[in-house]
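Visitor: There's a structure below that I have some questions on.
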Amino acid sequence: MRSAALVAAFLLVLAGCGGAANGPATPTAEPTVEPTATAVPTATTASTPHDGYADPETDRLGWEAGRWYDEPLSVNASNGLNRSERRAVVARTMARVERLRGLEFESSVPVTVVDRETYRGREDVNATAFDEVTWEALLLVGEDRSVETVFESFYGASVQGSYRPSEDRIVVVSDAARPTIDRRTLAHELVHALQDQHFGLNGWAEGTTRDARLARQGLIEGDAGYVADLYERRCASNWTCVPRPSSGPGASLDGDAGVYVASYQPYSDGPALVHRLRERGGWAAVDAAYAAPPTSTTAVIHPDRYPDWSPRAVRVPERSAGNWSRFDRSPPGTTVGEASLFATVWANGGVETFHLQRPSRPHRTYNYTHPTTAGWVGDRLVPYRSADGRTGYVLRTEWETAGDAAAFATAYRSLLRERRGAERRGEDVLVVPAGPYADAFRVTRDGRTVTVVNAPTAGTLDAVHARAD
């Protein structure tokens, strides 16, 4: 989905399907901006011990804005943080993040604390007709709702913080009556600022397929999540840390767990990818990945495949007729990828819930590896529209083996019948008679290729995409 929130900002999304059903957040005072004002002279990456807590003559890795990474702070977070306390917490967190990550901040990073209602009012989610077809094709957002409405609710309920590369600023969402800063959220977003200053994040989510965008997010969010993991481990061992707020997001996800699973994959699997890279070659290997980021969620779900594995290019031949034609892109279509197809199968009852909740690697929140989708090697989703405004699509997937393709085709037909109430209407054709996915589906397999054609009625399937001779 090409949403303004994803393209313009890198978000921290709360872990946990469905979120927490808390009451509405209490509005806070006017949002405050706390610049960590520090001049940045010639920096050194030396991590030698410091003498007390005096300011160094030149910038040092592990010191920012007058605070050392291990310096104790006289703050009381039990009833929120005042202006000076927030400034001190941000400065020390910057020092700790750069020490953990091995990269020096090149400039100060303003941090804004807002209540959830204010955040909801500021975020702008834009969805095109292409996005509507994409999420319908994933069987995650039906025709009874708009993608914009679903994601406005999703982001409003679950986003804990964001970093905007174009503005080089962080926004932290506070659910407390007085402004508080969750230490993990702050550390996570500060890593994004560090990434932007060293590698440049502007444009990373533009001009690529859905699968490639999620893959790039896997590196970006994985790096931030991994450092946040290291941060929390230090807090549990030898660092004195400000206690974390206990409150959760301001609303539930109203049953859109499938949308959550499809969107959360970079946060879940990205840290495991970064951990694997660091095992191979230290932080230098992680830094190098920004020059050649993963191109598919498969490489993030299965980190041993990166960087040598690439998805297969899949094309959908043009076979539309009558008043039906492709729309919205040139070349048209997108790649949804293994992670999104997993979410489709999971959300529609094809994967047991407990499977998702059993991560298979350290630094991983959920388990996106499943036999139904693990054999994926490529796909292409192309939307179609008729002259009178009706929509359809072709989703062509390719698999490692014919057995993988057969397993996916069987699972897809099964979820249409059992979850969506589809009825068989001729060879390879299923019709969902009612509900948000009330359409006709033709599901065919040819060797290692599975093609799903969607149209408003069985009679218009060939107009969208005729059968091959």
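The values are calculated or read from the model by the stated rules, or taken from the named source; none is laboratory data. Since this is a predicted model, take the numbers as computed values, not measurements. FYI the Cβ positions are ideal-geometry reconstructions off the backbone, even for glycines, and counts take in every protein chain you see. With ligands, DNA and RNA removed, areas are computed over all heavy atoms of the protein, side chains included. Shrake-Rupley method; radii C 1.70, N 1.55, O 1.52, S 1.80 Å.
Visitor: Which three extents, in angstrom, do the Cα atoms of region 285-415 have along their principal axes, listed largest first?
Guide: For region 285-415, the Cα extents along the three principal axes come out at 53, 39, 27 Å.
Visitor: Moving to a separate point now. Considering every Cα-Cα pair within region 402-469, what fraction, in whole percent, is farther apart than 19 Å? Present the calculation step by step, with values, prior to reporting the outcome.
Guide: Numbers: 674 of 2278 pairs.
Pairs farther apart than 19 Å: 30 percent.
Visitor: First select every other residue whose beta carbon is under 13 angstrom from the beta carbon of V377; then total the charges, Lys and Arg +1, Asp and Glu -1. Can you show the working numbers first?
Guide: Numbers: positive: R305, R312, R380, R396, R448; negative: D211, E338, D379, E398, E400, D404.
For residues surrounding V377, the net value is -1.
Visitor: A follow-up question, please. What is the distance, in nm, between label points placed 7 Å from the Cα along the Cα-to-Cβ direction at A466 and at E143?
Guide: My value for the distance between the label points is 2.5 nm.
Visitor: Continuing with the same structure: Rank these by accessible area, largest first, 1.4 Å probe: L230, L341.
Guide: Working: L230 30, L341 5 Å².
Result, largest first: L230, L341.
Visitor: Quote the Stokes-Einstein diffusion coefficient, in whole µm² s⁻¹, for region 337-378, based on the Kirkwood radius over alpha carbon pairs, a temperature of 10 °C and a viscosity of 1.306 mPa s. Don't jump to the answer; show the numbers that get you there.
Guide: Numbers: Rh = 10.5 Å.
Translational D for this selection: 151 µm²/s.
Visitor: So, in nm, how far is label R244 from label Q357 when the simple model puts each one 7 Å beyond its Cα toward the Cβ?
Guide: Label at R244, label at Q357, 1.8 nm between them.
Visitor: Taking θ as phi - 60°, what are the ³J(HN,Hα) couplings along region 334-341 by the Karplus curve (6.51, -1.76, 1.60), each to the nearest whole Hz, with x for Gly and Pro?
Guide: Karplus-based 3J(HN,Hα) across region 334-341 equals 8, 10, 8, x, 5, 5, 5, 5 Hz.
Visitor: Measure off, as a whole percent, the carbon and sulfur share of the 1.4 Å-probe accessible area of region 389-466, all protein chains present. List each step's numbers first, then the result.
Guide: Values: 1410 of 3190 Å².
About 44 percent, which is the carbon plus sulfur part of the accessible surface.
Visitor: Considering only protein heavy atoms, what per residue accessible area in square angstrom results for the chain with a 1.4 angstrom probe?
Guide: Details: 18210 Å² over 469 residues.
Solvent-accessible surface per residue comes out at 39 Å².
Visitor: Then there is this: Could you tell me the convex hull volume per residue, in Å³, taken over the Cα atoms of region 118-169?
Guide: Values: hull volume 5.4 nm³, N = 52.
Taking only Cα atoms, region 118-169 has a hull volume of 103 Å³ per residue.
Visitor: Right, here's the next one. Hey, any idea what % of region 173-238's accessible area is carbon plus sulfur with a 1.4 Å probe? Intermediate values should be presented prior to the final figure.
Guide: Details: 820 of 1970 Å².
Looking at region 173-238 in its full context, I get 42 percent from C and S.
Visitor: Further question on the same structure: Near R319, within a Cβ-to-Cβ distance under 15 Å, what is the net charge of the other residues, with Lys and Arg +1 and Asp and Glu -1? Write down the numbers at each step before the final one.
Guide: On the way: positive: R315, R326, R380, R396, R442, R467; negative: E318, D446, D462, D469.
So the surrounding residues net to +2.
Visitor: Oh, and also: How large is the helix-only mean residue ellipticity at 222 nm for the chain, computed as the sum of -39500 (n - 2.57) over DSSP H runs with n ≥ 4, divided by its residue count, in deg cm²/dmol to the nearest 500? Display every interim value, and only then the final one.
Guide: Details: 13 runs with 170 residues, N = 469.
Result for the chain, helices only: -11500 deg cm²/dmol.
Visitor: Another one. Label points 7 Å out from Cα along the Cβ direction at D388 and N79: separation in nm?
Guide: Taking the simple label geometry, D388 and N79 are separated by 6.7 nm.
Visitor: Residues with amide H under 5 Å of V377's amide H, sequence separation 5 or more or different chain, H placed in the peptide plane at 1.01 Å from N; which?
Guide: Sorted by chain and number, the residues that satisfy this are E398, W399, E400.
Visitor: With only alpha-carbon pairs counted, each pair once and no self-pairs, how large is the Kirkwood hydrodynamic radius of region 295-366 in angstroms? Each step should come with its number before you reach the end.
Guide: Working: mean 1/r = 0.0655 Å⁻¹.
Roughly 15.3 Å, rounded to one decimal.
Visitor: Could you tell me what a quarter of the Cα convex hull surface of the chain works out to, in nm² with one decimal place? Walk me through the intermediate numbers first.
Guide: Values: hull surface 90.4 nm².
With every direction weighted equally, the projected area is 22.6 nm².
Visitor: If Lys and Arg each add +1 and Asp and Glu each add -1, what is the summed charge of the other residues whose beta carbon sits under 14 Å from the beta carbon of D182? Numbers along the way, then the final one.
Guide: On the way: positive: R86, R116, R178, R183, R184, R244; negative: D115, D175, E189, E232.
Local charge sum for D182: +2.
Visitor: If you keep only loop residues by DSSP, which GluC sites (Glu not before Pro) in region 50-119 have at most 11 other Cβ atoms within 10 Å of their Cβ?
Guide: For GluC sites (Glu not before Pro) across region 50-119 that sit outside H, G, I, E and B with at most 11 neighbouring Cβ atoms in 10 Å, the list reads E57.
Visitor: Above 13 angstrom, tally the Cα pairs of region 279-321 and express them as a % of all pairs, no decimals.
Guide: On the way: 576 of 903 pairs.
In whole percent, the share of Cα-Cα pairs in region 279-321 beyond 13 Å is 64.
Visitor: Next up: In terms of modelled amide H atoms, which long-range or inter-chain residues lie less than 5 Å from the amide H of T295?
Guide: Amide H to amide H, under 5 Å and 5 or more residues apart or across chains, T295 pairs with nothing.
Visitor: With N denoting the number of residues in region 167-208, provide Rg(C-alpha) divided by 2.2 N^0.38 Å, to two decimal places. Intermediate values should be presented prior to the final figure.
Guide: Details: Rg = 13.1 Å, N = 42, 2.2 N^0.38 = 9.1 Å.
Ratio of Cα Rg to 2.2 N^0.38 Å: 1.44.
Visitor: OK, next. With all pairs of different alpha carbon atoms counted, what Kirkwood hydrodynamic radius in Å does region 252-332 show?
Guide: On the way: mean 1/r = 0.0632 Å⁻¹.
Computed over region 252-332, the radius equals 15.8 Å.
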